[in-house]
Amino acid sequence: MRQTGHHLVYGSLRDYLTGEELPDTDDERFRQQLARLLVEEKGFAKSELEPRLAIETLFGAIFVRSVIDLTVSVGSQRCFVLRYGPGSLVTREKPALAAARVLDPACCIPLAVVTNGQDAELLETSSGKVLASGMTAVPDRVRLAELAAQHPPRPPLTGAERERNLRVLNAFDLEVCCRKERCAK
């Protein structure tokens, strides 16, 4: 076991979806559990889940790479992003909504899920409204079809509205260690 920044690394593990070797951290173990939940209990095919998509922003000489833990699609349509983070769900809402709004260049992804691995919220991205709470809020494939019909994707954001959402990601996803320095990943 070694420590990088404030993360304990136990070694490496194989990504459930891709087979890629990843650092074995407590957070990564939760992410792997979430991928398993979506496939084994919620009925999604592995091919419907895109892990670790990223949005890069640069504002005020601050570069931030925002990683979207999972993006869930049905057919060719991205339906929701899932973002994991320990702690309070409320602090995860704004960056998850922003990510869903700007990740796909073809549209605003209509739904977002935030989770700390023990609790979750399902959010509608155009209004930011919480549609459901608790781990049961993570939709299964059947429920997602219903939600997709109720919440179709909107056209992509442009101009100042897109920039505002990118700034939210830049501000919320900047990692600062307890030592007030940027975290070593």
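Readers should treat all values here as calculations from the given coordinates under stated rules, not as data from a laboratory. Just so we're clear, the structure is a prediction, and the values are computed from it rather than from any experiment. Using ideal geometry, Cβ is built from the backbone for each residue, glycine included, and neighbour counts are taken over all protein chains shown.
So what is the orientation-averaged projected area of region 80-143, using the convex hull of its C-alpha atoms, in nm²?
Working: hull surface 16.4 nm².
The number I arrive at for region 80-143 is 4.1 nm².
Given charges of +1 on the Cβ of Lys and Arg and -1 on the Cβ of Asp and Glu, with all other atoms neutral, how large is the dipole of region 1-120 about its Cα centre, in debye to the nearest 20?
Numbers: 14 positive and 16 negative charges, 44 e Å.
Once rounded to the nearest 20, the dipole reads 220 debye.
Run the dipole for region 48-172 about the Cα centre, Lys and Arg Cβ at +1, Asp and Glu Cβ at -1, nothing else charged, and hand back the magnitude in debye, nearest 20. All intermediate terms of the calculation are to be shown ahead of the outcome.
On the way: 14 positive and 13 negative charges, 53 e Å.
Here the size comes out at about 260 debye.
What is the distance, in nm, between label points placed 7 Å from the Cα along the Cα-to-Cβ direction at Thr25 and at Glu146?
Those two pseudo-labels are separated by 3.7 nm.
In percent, how large is the relative contact order of the chain, given Cα pairs closer than 8 Å and 6 or more residues apart? The partial results should precede the final answer.
Details: 338 pairs, mean separation 34.3, N = 185.
Computed over the chain, the figure is 19 percent.
Quick check on the chain: helices-only [θ] at 222 nm, where DSSP H runs of length 4 and up contribute -39,500 (n - 2.57) each and the sum goes over total residues. Nearest 500, please.
Here the helix-only value at 222 nm equals -8000 deg cm²/dmol.
To make sure I understand, if each residue's beta carbon is the centre and we count other beta carbons within 10 Å, what order do Phe30, Phe59, Phe80 fall in, fewest to most?
On the way: Phe30 17, Phe59 14, Phe80 25.
Ranking Phe30, Phe59, Phe80 by Cβ neighbours within 10 Å, fewest first, gives Phe59, Phe30, Phe80.
Taking +1 at the Cβ of each Lys and Arg and -1 at the Cβ of each Asp and Glu, which of Pro86, Leu70, Pro156 sits farthest along the dipole of region 48-172 towards its positive end, judged by Cα position relative to the Cα centre?
Pro156
Please arrange Phe63, Phe44 by counting, for each residue, the other beta carbons lying within 10 Å of its beta carbon, fewest first.
Working: Phe63 11, Phe44 21.
Placing the least packed residue first, the sequence is Phe63, Phe44.
What longest region of the chain stays clear of GluC sites (Glu not before Pro) that DSSP places outside H, G, I, E and B and that have at most 15 other Cβ atoms within 10 Å? Let's see the in-between values first.
Values: sites that count: Glu20, Glu175, Glu181.
Longest site-free region, per DSSP loop and neighbour criteria: 21-174.
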